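The values are calculated or read from the model by the stated rules, or taken from the named source; none is laboratory data. All values reported here derive from a predicted model rather than from experimental measurement. Using ideal geometry, Cβ is built from the backbone for each residue, glycine included, and neighbour counts are taken over all protein chains shown. Calculation scope for accessible area: heavy atoms of the full protein, side chains included, ligands and nucleic acids excluded. Shrake-Rupley method; radii C 1.70, N 1.55, O 1.52, S 1.80 Å.
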Amino acid sequence: MADNAETSGTVSFDERTEDRTPIDPDSNYRLGTIAVLAGIIGLLAGIIAFLIYHFIGLLTNLFFYRRIAFEFVTPPNNGLPIWIVLIPAIGGLIVGLLAKYGTPRIRGHGIPEAMEAVWDNDSEVEPRVMLLKPISAAIAIGTGAPFGVEGPIIQTGGTMGSVIGQYIPTTVAERKVLLACGAAAGMAATFNTPIAGVLIAIELLLFEFRMRSFVPLSVASVIATAVRRQLLGTEPLLRIGDLSYQLLPNLPFLLVLGVILGLATVAFKRGYFAVEDLFHRFPVGNVLLPAIGGLILGVMGLFVPRVLGVGYEVTSEILQNELPIGLLLLVVIGKAIGVSVTLGTRTSGGFLAPMFVIGAGIGGAFALAVNALVPGVTLPVGLFALTGLGTLFGVAGGATFALVLFTVEVTQQFAAILPVFLVAVVADGVASIYLRNSLMTEELTRRGIDIYQEYEVDPLKRFTVAEIMDERPVTIRPDVTVAELVNELTSDEPSVARFTPETDGDQPDALDEPGEPETTPERTTELTLHEGLPIVDPDEGLVGIVTYGDLLRASANDGAEITVAEAGTIDIVAGHPDEQLFEAAVRMSSNDLEQLPIVDRDSGDLRGLIDSQNLMTSAMRQLEDEQVRETGKLDFGRGPL
C-alpha cells in the first residue's frame, strides 16, 4: 500500500520522468577504446593469416610432394600414386582426435560457430578454439580436403576478438564488435579484400550497420590487409585475363545464368544436408567419421585430382578458360560431392573456396555450352565464370551483397561490377523462393537456434508514444474509496463512470477522457479499462495510479475505506507523448511496470496510458505496413488496380 501522503496536489514524478535527455543505448559504448583494440586485432589477424597460409603450404608439400617447404602449393593434377587415397583419411582422423580431446568447436566450417557465439553465448568463445581451429583446418586442407581457410580464419579471428573482450572489461555489445572485428580482419588478411571483409562481418555476424561497429570493423580490416600485403604481397589471389565486361550484349544470357545459379544454390544446400544426415546415421564414432569422409575424398582425388586441396589454382584456370567443358563439369561435380562428403562428416574447413570453384565452373560451363550450341554467339567465358565466382556462396550464405563486392575485390576486376551484381541478384531472388534458411543459419536451426538475418527498424524506435498510446483510458477521482471501486469492478455489469472526475463542471455520460478529444472518425470513442487506473483531479492533473494489486492489498489489510489515492502510488514514473516508444518500454522494464501514464512535459496533465498491449500494437502496425495493400490512384472504370 502506498504511503498516506498528501494527495491534493499533482503527482511527484520520478527523476527519470523529469529527465528530458533521450535514452541512448550507445552512451556506455567506448568507441575509441574498441577502435584501438580493433587495430591490435587487425595486426594479429594479419600475422595469423600469414602463419596459417604457410602452415598449409608445409603440410601440402610434406604429404603430396614429400619435401619440407613453406611455399603455398596445391596437390598435383596428375600422376598420383594409389596410396594417396590414405592422405585425406589420415587428416580426417587427426581432426577427429583434436575434436574429441581438444574441443568439438573445431568441427564444421567456422562461420555458424561464430554466429552461434554472437547470438547464443554473449560473444564468448573458448580461448583454445583460437589455437585448435586453425591447426585442425590446416591439417585437413594440407592433407587434401577441398576447403578454404576463410571459415576457420573467421572463427579464429572472431575467437581472438572474443578472448580480448573477455580479458578486458567490456559490455556484451562491445565484445560482439570485437569478435566481428577479428572475423573481418581474418577475411581481409586471407583474401586481400578489406572492404568485403567488413561487409561479410556485418551481414553474417553483426546484422547491424552502425557507426559504433563500422569504425572498428574498418580499422581492423584495413590494418589486417596492410599486414597481409607486407607479408604476402599485393597481387590478387585469383588470376584472370583481359575481358570484355559489357552488360547489355550479354544481358539475356546473364539473366539465364542467374536463374541457373539460384537453382544450383538450392540443389547444393539440400544435397549437402542430405549427405550430412546420411553420414550421421552411420554406426561410427565422431573420431572415425571424418576419416571415412577423407577416404572417400581420396578415392575421388585419384580419378579427379583437381578436387583435392584449396582450389585457388583451379579457380584461376576456370577464370582464364583453360579447362575443356568435360573436365570442367567433372571438377564442378567432384568439388560439390567432395565438400559435401568431407564437411558432412564434420571435419574442419570452409565453404568459400570450394564454392568458388563450383560457382565459377557453372558460369564457365554455361558460356562454353552456349558458344557451342547457339550459332553466331560468342560469350566471354571468363566473364561468365567471374559472375558465378562468389554468387553461389553469397546466395547460399545469406551475404549476397558482400560477396558481389568480394568477387570484384579478390580479382581486382572492378569493371565487372554490373554483370556480377545482376547475376547475384537474380540468383538470390530465385533461391529465396525455395530456401527459408541460408546454408549458415540452417546449421544453427538444426541446433535449436533461430537467427533472423533481416535488416529493419525496431518498431519501438520507429513510433513515438503519442502514435501508440491509449488516449482514452478510464480515470478515477482521488476521493473514491477502495470499497466503492472494488464493489463496482466486481459487479455483474461494472461501470465506474460515476467515479471519474468531472471536468469544467460538465461530466458526459461516458467516462472521462484525458487530453484533447479525438476527432478522427477512424478511432473508437470508447474508453479502455486498464489494470492500472490513473487517478486524475478535475483539472486533468495526474495525482497517482492505482492497480488491481493495490486494491487487493488494501482490501486484505482492512483498508477498504481509504481512498484510491492513499491505496495507490503517487510517486510514480511517467512518460511523455514525444518520446520514442523504445524509451517508454525501457522505463517500464527497468521499473517493473505493467503500465506507464503519459503526461504533458510542461503541465503534468495526463495525456494517455501505455501498457504491454500497446507495445505489441507497434509490431502490428509495422506488420500492417507490410501486408495491407492500399487502394491505388489509377482507375480505368473497372475499379482500382
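Here are the numbers for the structure shown:
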{"read-out": "Quotient of C-alpha Rg and 2.2 N^0.38 Å, computed over the stretch 179-318", "value": "1.39"}
{"read-out": "VAL457-PHE70 pseudo-label distance in nm [points 7 Å out on the Cα-to-Cβ vector]", "value": "5.3 nm"}
{"read-out": "The chain, helix-only ellipticity at 222 nm - DSSP H runs n ≥ 4, -39,500 (n - 2.57), divided by all residues, nearest 500", "value": "-17500 deg cm²/dmol"}
{"read-out": "Hits among lysines - C-alpha to C-alpha of LYS133 under 20 Å, sequence gap 8 or more where chains match", "value": "LYS100, LYS176"}
{"read-out": "Lys/Arg +1, Asp/Glu -1 at C-beta; the chain dipole; positive extreme among MET588, ILE106, ILE68", "value": "ILE68"}
{"read-out": "Extension reserve of the GLU630-ARG30 stretch, reckoned as 0.36 nm per residue once the Cα distance is removed", "value": "211.5 nm"}
{"read-out": "Added length on full extension, which subtracts the Cα-Cα distance from 0.36 nm per residue, MET620 to SER603", "value": "3.0 nm"}
{"read-out": "Ellipsoid semi-axes in whole angstrom, largest first, where each is sqrt(5λ) of the Cα gyration tensor of the stretch 334-490", "value": "56, 21, 13"}
{"read-out": "Relative contact order (%) - the stretch 248-447, alpha-carbon pairs under 8 angstrom, separation at least six", "value": "27 percent"}
{"read-out": "Two-decimal log10 I(q)/I(0) for the stretch 31-232, as the Debye equation yields it once each C-alpha is a single scatterer, q = 0.11, 0.19 Å⁻¹", "value": "-0.48, -1.20"}
{"read-out": "Stokes-Einstein D in µm²/s, Kirkwood radius over Cα pairs - the stretch 322-422 at 20 °C with 1.002 mPa s viscosity", "value": "151 µm²/s"}
{"read-out": "Accessible-area value, VAL465, 1.4 Å probe, nucleic acids and ligands omitted, Å²", "value": "0 Å²"}
{"read-out": "The chain: relative contact order in percent, alpha carbon pairs under 8 Å with at least 6 residues between", "value": "16 percent"}
{"read-out": "Cα centre as origin, Lys/Arg/Asp/Glu Cβ charges: the stretch 31-232 dipole, Debye", "value": "440 debye"}
{"read-out": "Loop sites in the stretch 533-641: chymotrypsin sites (Phe, Trp or Tyr not before Pro), DSSP, at most 15 other Cβ within 10 Å", "value": "PHE636"}
{"read-out": "Electrostatic dipole magnitude of the stretch 248-447 [Cβ: Lys, Arg +1; Asp, Glu -1; Cα centre; debye, to 20]", "value": "480 debye"}
{"read-out": "GluC sites (Glu not before Pro) within the stretch 302-376: DSSP coil, no more than 16 neighbouring Cβ in 10 Å", "value": "GLU322"}
{"read-out": "Estimated dipole of the stretch 562-641 in Debye, rounded to 20 [Cβ of Lys and Arg +1, of Asp and Glu -1, Cα centre]", "value": "460 debye"}
{"read-out": "Extreme residue, positive dipole direction of the chain, given options GLY448, LEU460, GLY161 (C-beta unit charges)", "value": "GLY161"}
{"read-out": "Where GluC sites (Glu not before Pro) fall in DSSP loop in the stretch 385-488, at most 13 other Cβ within 10 Å", "value": "GLU454, GLU456"}
{"read-out": "Using alpha-carbon coordinates, inclination of helix 211-232 to the longest axis of the chain, degrees", "value": "10 degrees"}
{"read-out": "Cα-based Kirkwood hydrodynamic radius, the stretch 248-447, one decimal, Å", "value": "17.1 Å"}
{"read-out": "Percent carbon-and-sulfur accessible area, the chain, ignoring ligands, DNA and RNA, probe 1.4 Å", "value": "58 percent"}
{"read-out": "Percentage of interatomic Cα-Cα distances in the chain larger than 48 Å", "value": "34 percent"}
{"read-out": "For ASP605, distant residues with modelled amide H under 5 Å away", "value": "ASP600"}
{"read-out": "Ranking by accessible area, most exposed first, for TYR101, TYR245, TYR434 with a 1.4 Å probe", "value": "TYR101, TYR434, TYR245"}
{"read-out": "Peptides 290-297, 82-89, 164-171, 474-481 ordered by average Cβ neighbours within 10 Å, highest first", "value": "290-297, 474-481, 82-89, 164-171"}
{"read-out": "Cα gyration tensor of the stretch 265-346 - equivalent ellipsoid semi-axes, whole Å, descending", "value": "26, 14, 9"}
{"read-out": "The chain - accessible surface per residue (Å², probe 1.4 Å)", "value": "44 Å²"}
{"read-out": "Over the stretch 31-232, relative contact order from alpha-carbon pairs under 8 Å, at least 6 apart, %", "value": "30 percent"}
